[in-house]
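Chemist: Quick one: the structure is below, questions incoming.
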Amino acid sequence: MSDAHRSGEADVVRDAYETLPVMLAAFAGPEQRFVAANAAYRAMIGKPDLVGLPAREAVPEAEGQQLLPIVDRVFATGRVESKREWRLQFEQDGVPVEVFLDFNVYPVHGPDGTVTGLNVLCVDVTERVRERQAAEGRETEAQRRYEAARDVVVELQQALLPTGVPVLPGADIAARYLVAEQDQAAGGDWFDAVPLSDGSVALVIGDVVGHGVAASAAMGQLRAVLNDHLITTGDLQLALQHVDELATRTPAFRASTVCVAVLDPASGALRYSTCGHPPPLVLRSDASARYLAAPGAGPLGTGSGPVPTSTDSLAPGELLLLYSDGLVERRGDPLDAGLDRLARVARDAAANTVLPTGAPESVAERVGQQSVELLTREGFNDDVTVLTAQRRAVPIEEFHLKFPAEASRLAELRDALLDWLRPLNLADREVAGIDLAVSELVANAIEHAYPPGQPGPVRVDARLDASGTLRLGVGDDGSWRDPGPTPADTSGRGLWLTGAVLDDVHIEHVGTDTHAVLRGPTKNRATGTVVTVRRRLARPAQLAARPAISSTERLGVDFSTSLDPGPARMLRVTGPVDMATAGELAEDLSTASRGGLHPLVLDLNAVTVLASAGVKVLFAVRDQHAVHDQALKIVADDTSPAANVLDLVGLERTSNFPRSGCT
């Protein structure tokens, strides 16, 4: 029987192959040279001419995204491999596009049985993944798995692991912790970033032998002891020697591994010890990578003798990566192969060449995120912990701004302050709290420090100290008036709100200035008030049961700024609501509700800061609606900047939009 009778006429088969909605490609030879690719495949890759090109030349981004190693493996072993819901990014017409694919790689055998090529079949499941993500909402699959993975172990891990890492002026730090996928969650890994009194920071990755509750409990004890000695002595070798002796006497600690690196962000000096742990990786500014030489210490409590330490240094912009062995160890693979994979992936992540769309701006956060996501795609058997620290190329300097005490200058202050905060890569909620506090303190100075029509200067100073504590000072040259207890209107509420969103508020009167409060005594002024606040800054550590699939799409409901007809009019507010814009908001609300005669839905989710002047307007419009027995519904999601303020002042809000009208 001819080939045409078996498979159809060549033109018909070619047309069917070309028009199939699934993506098909064929490769020949060990260099994986394209010999066929249908239209759907070419459209995904974004390149019309693939035939004849080696895969590494035609699709170089596939190497960093861990696709080509699978192709090479199938060619070498002759075994089919299947992957599900892999997040991949390609360029189409010069625009980066993110897709999720299910794909299979099949070997093609020659007459003698050897593998001569490969066939690849891909199905685009992006829509399915997006729909699932939307259904999951904020509770990601990874979070649910983390919460379900052995309740007692998880509770111990959440209680014993740090919730975040410090935000420092000279170093950008990030951490990720991934719980093992096995039925018995491990729980022996830990990480830490501990600021020391001399301005350095101790970076720690450790692993206690064992699994479950016992490993988690031992981890918590060992972590606490090591932290205490690092903080009290500031001496790396002395602290490690103490925990080594403790492990000798305590079976639960014996054979634990730990890597500690003490970095001085100011000079770049680095002192470290590995104690049985894989060596740290350094990513240079030129995109090359090197592993630090291991000092030679064995695991804790194994009698390997005095704990040795080594020294090195980080240049500005260089990044240090500490990790647990769960990231690099794979059954059947030598450790060197895992270390090579980590170095390649980390280099690509630092250069932002692998999954650039939606990637974090922070290099430290991006390297940690993508190293974990890409290196655990094919499974992992142990907990995975990653701690990254990049020495800032430009340390965070102090912030100083002086301007007239006028409400119209608040926008200038906010823009300057946000620019100063941006390199810190803080969470949006943290930035909103700082923005609110400074806005309130400046508004307080504008309103109370000077007589009407005679504005004097206002000074805003900020610094981030070596411990990660942000110190903000707002000073004026006017006369202090005590606002008394928290009242029902705006007066005094600013200080109260400031103290609620930050750690503490301190007020100094005649004879001080912002420099005196932030850095110590300087030349005094004859009059004036300085209000200072402190906030210990931290970046949340990412804890999960498997790598969360990131998405660049954000679903939401958008309301028109026009007044919609119907039982309730809807008004969406965007941007800052402070003393400079509160009057405009009051007018808009009055127009929208006809002075409280019409029910109103007020969406505050896009408000970037809700200051006390805006709170006063909201209280007024609430009372206005109550007088006329009309409903006012304020919508603010729990994660929005406005939500925290509304809860603090006792204004009722909802996170849900009404289906129709106000109730």
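Chemist: Just to be sure I understand the filter: pairs with C-beta atoms under 8 Å, separated by 6 or more residues or on different chains, first member in region 397-420 and in a strand (DSSP E or B), second member open to solvent by 30 Å² or more (accessible area, probe 1.4 Å) and of a type in the set (Lys, Arg). Which pairs pass?
Modeler: PHE399/ARG463; HIS400/ARG459; LEU401/ARG459; LYS402/ARG459; PHE403/ARG409
Chemist: Show the residue pairs meeting these rules: Cβ distance below 9 Å; 6+ apart or different chains; first residue within region 347-358 and without any contact (Cβ under 8 Å) to a residue 60 or more places away in the chain; second residue outside any helix (DSSP H, G or I).
Modeler: ALA349/LEU283; ALA349/LEU355; ALA349/ALA359; ASN352/ALA359
Chemist: Are any residues in region 345-396 open to solvent by 40 Å² or more (accessible area, probe 1.4 Å), part of a helix (DSSP H, G or I) and over 20 Å from ALA427 (Cα atoms), and if so, which ones?
Modeler: ARG347, ASP348, ALA351 - these are the residues of region 345-396 that are open to solvent by 40 Å² or more (accessible area, probe 1.4 Å), part of a helix (DSSP H, G or I) and over 20 Å from ALA427 (Cα atoms).
Chemist: If you don't mind, there's one more thing I want to ask. Which residues, taken from region 59-83, are at pLDDT 90 or above and of a type outside the set (S, T, N, Q)?
Modeler: If the condition is that a residue be at pLDDT 90 or above and of a type outside the set (S, T, N, Q), then ILE70, VAL71, ASP72, ARG73, VAL74, PHE75, ALA76, GLY78, ARG79, VAL80, GLU81, LYS83 are the ones that fit.
Chemist: I need the full set of residues from region 72-104 which are part of a helix (DSSP H, G or I) and either within 14 Å of PHE27 (Cβ to Cβ) or small (Gly, Ala, Ser) (or both), in order please.
Modeler: Our first condition is that a residue be part of a helix (DSSP H, G or I); within region 72-104, this holds for 72-77.
Listed by number, the residues that qualify are ASP72, ARG73, VAL74, PHE75, ALA76.
Chemist: When residues of region 15-43 are filtered for being open to solvent by less than 30 Å² (accessible area, probe 1.4 Å) and either of a type in the set (Asp, Glu) or in a helix (DSSP H, G or I) (or both), how many remain?
Modeler: 2
Chemist: For region 589-607, which residues satisfy the criterion of being modelled with pLDDT of 80 or more and either on the phi > 0 side of the Ramachandran plot or open to solvent by 10 Å² or more (accessible area, probe 1.4 Å) (or both)?
Modeler: PRO599, ASN605, ALA606
Chemist: Tell me, which residue of region 92-118 that is surrounded by 14 or more Cβ atoms within 10 Å (Cβ to Cβ) and charged (D, E, K, R) is modelled with the highest pLDDT?
Modeler: If we filter region 92-118 for residues that are surrounded by 14 or more Cβ atoms within 10 Å (Cβ to Cβ), which is where we start, we get 96-108, 115-118.
Filter once more, keeping what is charged (D, E, K, R): 98, 102.
Values: GLU98: 89, ASP102: 93.
Selected residue: ASP102.
Chemist: Only one of PRO107, PRO69 is within 28 Å of THR376 (Cα to Cα), in a helix (DSSP H, G or I) and either in contact (Cβ under 8 Å) with a residue 24 or more places away in the chain or out of contact with any His (no Cβ under 6 Å at 6 or more places or on another chain) (or both); which?
Modeler: Selected residue: PRO69, the only one of PRO107, PRO69 that is within 28 Å of THR376 (Cα to Cα), in a helix (DSSP H, G or I) and either in contact (Cβ under 8 Å) with a residue 24 or more places away in the chain or out of contact with any His (no Cβ under 6 Å at 6 or more places or on another chain) (or both).
Chemist: Continuing with this model, one more query. If I go through region 259-286 residue by residue, how many of them are in contact (Cβ under 8 Å) with a residue 12 or more places away in the chain, open to solvent by 50 Å² or more (accessible area, probe 1.4 Å) and outside any strand (DSSP E or B)?
Modeler: Of the residues in that region, 4 qualify.
Chemist: Let me ask you something else. Working only within region 614-663, note down all residues that are in a helix (DSSP H, G or I), within 20 Å of GLY595 (Cβ to Cβ) and modelled with pLDDT under 80.
Modeler: Those that are in a helix (DSSP H, G or I), within 20 Å of GLY595 (Cβ to Cβ) and modelled with pLDDT under 80: none in region 614-663.
Chemist: Restricting to region 120-173, count the residues that are among the charged types (D, E, K, R), within 16 Å of PHE100 (Cβ to Cβ) and either modelled with pLDDT under 75 or open to solvent by less than 40 Å² (accessible area, probe 1.4 Å) (or both). Show your work before the answer.
Modeler: Filtering region 120-173 for residues among the charged types (D, E, K, R) gives 124, 127-128, 130-132, 136, 138-139, 141, 144-145, 147, 150-151, 155, 172.
From what is left, the residues that are within 16 Å of PHE100 (Cβ to Cβ) are 124, 127-128, 130-132, 136, 141.
If we keep only those that are either modelled with pLDDT under 75 or open to solvent by less than 40 Å² (accessible area, probe 1.4 Å) (or both) as well, we get 130, 136, 141.
Summing the residues that are among the charged types (D, E, K, R), within 16 Å of PHE100 (Cβ to Cβ) and either modelled with pLDDT under 75 or open to solvent by less than 40 Å² (accessible area, probe 1.4 Å) (or both) in region 120-173 gives 3.
Chemist: Turning to a different aspect of this structure: Going through region 234-251 one residue at a time, which ones are assigned to a helix (DSSP H, G or I) and open to solvent by less than 60 Å² (accessible area, probe 1.4 Å)?
Modeler: LEU236, ALA239, LEU240, GLN241, VAL243, ASP244, LEU246, ALA247
Chemist: Still on this structure, I have one more. Which of the numbered conditions does ASP340 fail, given that it passes all the others? Conditions: (1) surrounded by fewer than 19 Cβ atoms within 10 Å (Cβ to Cβ); (2) assigned to a loop (DSSP other than H, G, I, E, B); (3) not hydrophobic (A, V, I, L, M, F, W, C).
Modeler: (2)
The values are calculated or read from the model by the stated rules, or taken from the named source; none is laboratory data. Everything numeric here is computed off the predicted structure, so don't read it as measured data. With ideal geometry, Cβ positions are generated from the backbone for all residues, glycine too; neighbour counts draw on all protein chains shown. Keep in mind that these areas ignore ligands, DNA and RNA; they rest on the heavy atoms of the full protein, side chains included. Shrake-Rupley method; radii C 1.70, N 1.55, O 1.52, S 1.80 Å.
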